[in-house]
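To keep things clear, I will list the structure first and then write my remarks on it.
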Amino acid sequence: MVLDENLSDSEIKIILEDNVSIGTRSCIHSAKKVLIKRDVIIAPNVYISDCGHEYNDSNKPIRIQGLRKIKPVIIGEGSWIGFSSIILPGVEIGKNCVIGANSVVNSNIPDYSVACGAPAKVVKQIQL
């Protein structure tokens, strides 16, 4: 699925497909689009965002400086996002992946992979 980065503000979306489970104190922030496919498990304290904050003017509060790097996030079907993990803008996590606790995912993770760390690295791939 290709997501359009040029959507209008009225088209901001968080899409949760069937049987998605989201743990307590987790946060999903979307400036354009976050897609979480079916049967995904998201543990408590997970942060998912499709954008970052600008910081160009030290005289202004960061919250009013706007957003940057607005890029869609996709979490593939059947994946599990571990406790206190962070999923950053533009990341696509493949099908049936495991993201270890406390990981920071800043790049794509292929299908059937286990990734962990900060930044997250693939440590195992399941062979079909």
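Test each condition in (1) surrounded by fewer than 20 Cβ atoms within 10 Å (Cβ to Cβ); (2) in contact (Cβ under 8 Å) with a residue 40 or more places away in the chain for Ile75 and report the one that comes out false.
Answer for Ile75: the failing condition is (1).
Going through the stretch 72-87 one residue at a time, which ones are in a loop (DSSP other than H, G, I, E, B) and either within 15 Å of Leu35 (Cβ to Cβ) or at pLDDT below 95 (or both)?
Those that are in a loop (DSSP other than H, G, I, E, B) and either within 15 Å of Leu35 (Cβ to Cβ) or at pLDDT below 95 (or both): Pro72, Gly76, Glu77, Gly78, Ser79.
Just checking, does the stretch 101-108 include any residue being in contact with a Phe, Trp or Tyr (Cβ under 7 Å, 6 or more places away or on another chain), part of a loop (DSSP other than H, G, I, E, B) and hydrophobic (A, V, I, L, M, F, W, C)?
yes
If the Cβ limit is 9 Å and pairs must be 6+ apart or interchain, which residue in the stretch 13-39 that is outside any loop (DSSP other than H, G, I, E, B) pairs with which residue that is polar (S, T, N, Q)?
Lys13/Ser30; Ile14/Ser30; Cys27/Asn45; Cys27/Ser49; Ile28/Ser49; His29/Ser49; Val34/Ser49; Ile36/Ser79
Does the stretch 87-117 hold any residues that are out of contact with any Lys or Arg (no Cβ under 7 Å at 6 or more places or on another chain), free of Cβ contacts under 8 Å to residues at least 24 places away in the same chain and of a type in the set (A, V, I, L, M, F, W, C), and which are they?
Matches in the stretch 87-117: Val91, Ile93, Cys97, Val98, Ile99, Val104, Val105, Ile109.
Can you tell me which residue among Ser84, Ser107 is farther than 23 Å from Ile12 by Cα, surrounded by fewer than 20 Cβ atoms within 10 Å (Cβ to Cβ) and of a type in the set (Ser, Thr, Tyr)?
The conditions single out Ser84.
Among residues belonging to the stretch 19-70 that are of a type in the set (D, E, K, R), surrounded by 13 or more Cβ atoms within 10 Å (Cβ to Cβ) and over 14 Å from Gly90 (Cα atoms), point out the one that is nearest to the chain's Cα centre (by Cα).
Lys37
The values are calculated or read from the model by the stated rules, or taken from the named source; none is laboratory data. The structure displayed is predicted, hence computed values, not measured ones. Cβ: placed from backbone, ideal geometry, glycine included. Neighbour counts: every protein chain shown.
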